[in-house]
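Asker: There's a structure below that I have some questions on.
Each value in this text was obtained by applying a stated rule to the coordinates, not by laboratory testing. On a predicted model such as this, the values are computed, not experimentally measured, just so you know. Cβ placement follows ideal geometry from the backbone for every residue including glycine, while neighbour counts extend to all protein chains displayed.
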Amino acid sequence: MTRIHVPFMTRLVTWLRLFAVQGSWNYEILLGNGIGFCAEPALRLLPGGRGGDKYRRALARQSRYFNAHPYLAAVAVGALTRAELEEVDPAKIERFRTALAGPLGSVGDRLVWSGWLPLCSLLALGAYGVGGSAGLVVALFLIVYNVGHVALRAWGLKVGFSQGTEVAKSLSTPLLRRSPEWIDRAGALLAGIAVPTAVERAVGIGGEVSAVAIGAVLIGGVVLARIPNTSVGWRLALGILSIIVLYAVLA
Amino acid sequence: MSFLEVLPIALLGAVCGLDFVSFPQAMISRPIVGATAGGAILGSPSAGLLIGVVLELLALDTRPFGASRYPEWGTAGVTGGAVFASVGAGRPGGLAVAAFVSLVTAMLSGSSMVLLRKLIGARAAVTRELIEAGSERAVVGLQLFGLTADLLRGFILTLLAVALAVPLARGMVEIWGLPATFSNAAVIGLAGAVAGGSLWKFFTAGTRTGWLFLAGLVIGLGFVAVQ
C-alpha cells in the first residue's frame, strides 16, 4: 500500500464539487454518480493518469449505487478516494463503500435535517419575533446555517482523506455523537420562545387578536403533537386554508 | 404582470429550486429567504418576510430525508413572496391567498422533483455502459444534465405559478368576504400550530427536553405579554 499526497488544488476542486453531489440524484443509483463526479479530480492521480485503465476502473466503481446524507457524503468521497489512490483491493473498497452508506445517512439526517436546520430556522423566526428587519433575519439564518454546513463538508473531506478506510472512528467521536443531543436541547428551548413571538409579530395587532392566535397555536400544537405521523400538519393546513379561501370568496 | 416583470422572479425561483436538493443546498431555498427575496424584487421585502415567516413555520413540519417525498419550498417561497407583494400586503385575504398559492406550488413542485428524478434515472440507464466503463464524459455529463434540468424545472414552475397566480390572487382579494384581521390571524395561527406540534415531536422524541420546550414557551409568552 502506497501513501499518496493529494495536492491542495485537487482537494479544493473536490470540495467544491461536493456542493453539487446530489445533482444527478435518482431512484436507480441515488447519490452514486455524484460520488464518482466528486472523486474524479483526485482519481486523475492514479498511475496512468486521466483516462488510464486504473482511473477508469476506479471511476466506474465510485459511480455505482450509493446513499448518504449529502453533507456527510464528503466523508465517503475523501475516504473512498484515498482507498483508490492507495490501490486497496477493489473487493475491499466495495465492502467498505457498502458499510459506509448507512451510518453516513442516519448520522447526517439526525444532525442536519432534524437538528441544525430547524434550529437555525427557529433562530431566524426568533429574530423576527423580537423585531428584526428582513435583512437581519435572512442574513442571520444564512450565515449561521452555512457556517455549520460549509464546515461539516470541509471536516468530512478532511477526515476522509486523512483516515481512508479507518474513517469509521471519526464518526464515533464524542462531538458527532453528542451534538444532536445538544442541538435538541437548544432547539426545544428556542422553539418555545420563537414560535409565540413570531406569531405575535406576524399578527401585528396585539391585544385580543394576538391572544386568540397564540391560544390557537397552543391548542392546535398540542393536538398535532399527538398525531404520530410526521409531515401531516402542512397537509392539514392546506386543507383548512382551502376551506377558508373558498368560504371567503364564495360567501 | 408582464413577462419582463415575471422573469427576475422566475430566475430567483430557478436558483432556489436548484438549491433545494441539487446545488449548493445553502438553504437559500428556505421560504424565509426565498419569499423575502421574492417580495424584495417587487419592492416589498417586509411583505415577503411576513409570508416567508408563515411558510417557514409550515416548512418546519417537513424534512428532506433521502428518497422520501416532500414539498419543494424553494419555488413555493419565491412564488408566495411575489404573489403577496403584488396583491398588496394590506389587502384583506392577501396573506391567506398567498399562503394557499404557495402550498399548492410546494405540492406540485414536490411532484415535479419526483418526475425529474425519474428522468435522470432514465438518462442514467441509457449511459450505464459508458459509466460502467469509467467514462469521465458520461459521469460528468449525467451530473450536468441533472443540474441543468433542475434549474429549468424551477424556472418553468415559478414562471407558470406566478403568471397564473398573480391575476387569480388579485381577483380573489377583490371579492374576499372575511375581515383582514380574522383571515390573517387564522393563517398565522394555523402555521404556528403546525410548527409547534411538529417541533415538539422532533425535539422531544426519546429525549428529556420537553421541560426545556415548556420553559422556552414561558419565556416566549412572557415576552409577548410584555409587548
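Asker: Using per-residue counts of other Cβ atoms within 10 Å, averaged over each peptide, order A:169-182, A:227-240, B:8-21 from highest down.
Answerer: B:8-21, A:227-240, A:169-182
Asker: What whole number of Å gives the distance from the Cα centroid of segment A:89-104 to the Cα centroid of segment B:153-227?
Answerer: 43
Asker: Same structure, new question: How would you classify segment B:1-51 from its alpha-carbon gyration tensor, with a ≥ b ≥ c the square roots of the eigenvalues: rounded for a/c under 1.5, else prolate if a/b is greater than b/c, otherwise oblate?
Answerer: Cα axes put segment B:1-51 in the oblate bin.
Asker: Any chance you could run the full-extension gain for A:LEU16 through A:ARG95? It's 0.36 nm times the residue separation minus the Cα-Cα distance, nm to one decimal.
Answerer: Using 0.36 nm per residue and subtracting the Cα-Cα distance, I get 25.8 nm.
Asker: Next question. Taking 25 °C and 0.890 mPa s as the conditions, I'd like the Stokes-Einstein D for segment B:3-226 in µm²/s, using the Kirkwood hydrodynamic radius from alpha carbon pairs.
Answerer: 131
Asker: Moving to a separate point now. For segment A:1-190, report the convex hull volume of the alpha-carbon atoms normalised per residue, in Å³, without decimals.
Answerer: 121
Asker: Still on this structure, I have one more. Roughly how many nanometres apart are two label points built 7 Å out from the Cα toward the Cβ at A:LEU250 and B:VAL218?
Answerer: Label at A:LEU250, label at B:VAL218, 4.7 nm between them.
Asker: To continue, here is another question. Please tell me the relative contact order of chain A in percent, rounded to the nearest whole number, where contacts are Cα pairs under 8 Å and at least six residues apart.
Answerer: Once divided by the residue count of chain A, the mean separation gives 18 percent.
Asker: Shielding by partners for B:46-54, please: the mean number of other protein chain Cβ atoms within 10 Å of each residue's Cβ.
Answerer: 4
Asker: Quick check: convex hull of the Cα atoms in segment A:38-82, volume per residue, rounded to a whole Å³?
Answerer: Enclosed volume per residue, from the Cα hull, is 57 Å³.
Asker: Let me ask another. On the first, second and third principal axes, largest extent first, how far apart are the outermost C-alpha atoms of the protein assembly as shown in Å?
Answerer: So the three principal-axis extents are 73, 51, 35 Å.
Asker: Just want the ordering: B:MET1, B:MET113, from fewest to most Cβ atoms lying within 10 Å of their own Cβ.
Answerer: Fewest-to-most ranking of B:MET1, B:MET113: B:MET1, B:MET113.
Asker: Here is a follow-up. Tell me, in nm to one decimal, what length is gained between A:ALA154 and A:VAL212 on full extension, where the rule is 0.36 nm per residue of separation less the Cα-Cα distance?
Answerer: So the chain would gain 16.2 nm between A:ALA154 and A:VAL212.
Asker: Over all alpha-carbon pairs of segment A:93-251, lay out the pair-distance distribution in 5 Å bins, whole %, shortest bin first.
Answerer: P(r) over segment A:93-251, rounded to whole percents: 1, 7, 11, 15, 16, 14, 11, 8, 6, 4, 3, 1, 1, 0.
Asker: In the Gaussian network model of chain A, springs joining C-alpha atoms below 10 Å, which of A:ARG61, A:ARG97, A:ARG50 carries the largest mean-square fluctuation?
Answerer: A:ARG50
Asker: Need one number: nm distance between label points at B:ILE156 and A:LEU175, each 7 Å from Cα along Cα→Cβ, rounded to one decimal.
Answerer: Taking the simple label geometry, B:ILE156 and A:LEU175 are separated by 4.4 nm.
Asker: Put a dot 7 Å past each Cα toward the Cβ at A:ARG185 and B:LEU130; how far apart are the dots in nm?
Answerer: About 5.3 nm, to one decimal.
Asker: Averaged across B:31-40, how many Cβ atoms of other chains sit within 10 Å of each residue's Cβ atom?
Answerer: Whole-number average of other-chain Cβ neighbours for B:31-40 is 3.
Asker: What's the center-to-center distance, using Cα atoms, between segment B:85-126 and segment B:35-59 in Å?
Answerer: Segment B:85-126 and segment B:35-59 have Cα centres spaced 15 Å from each other.
Asker: Restricting to Cα pairs below 8 Å that are 6+ residues apart, what does the relative contact order work out to for chain B? Please round to a whole percent.
Answerer: 27
Asker: Can you give me the C-alpha center-to-center distance between segment A:114-131 and segment A:154-189, rounded to a whole angstrom?
Answerer: Comparing the Cα centres of segment A:114-131 and segment A:154-189, I get a distance of 22 Å.
Asker: In addition: For segment B:96-190, report the % of Cα-Cα distances exceeding 21 Å.
Answerer: Summing the P(r) tail past 21 Å for segment B:96-190 gives 54 percent.
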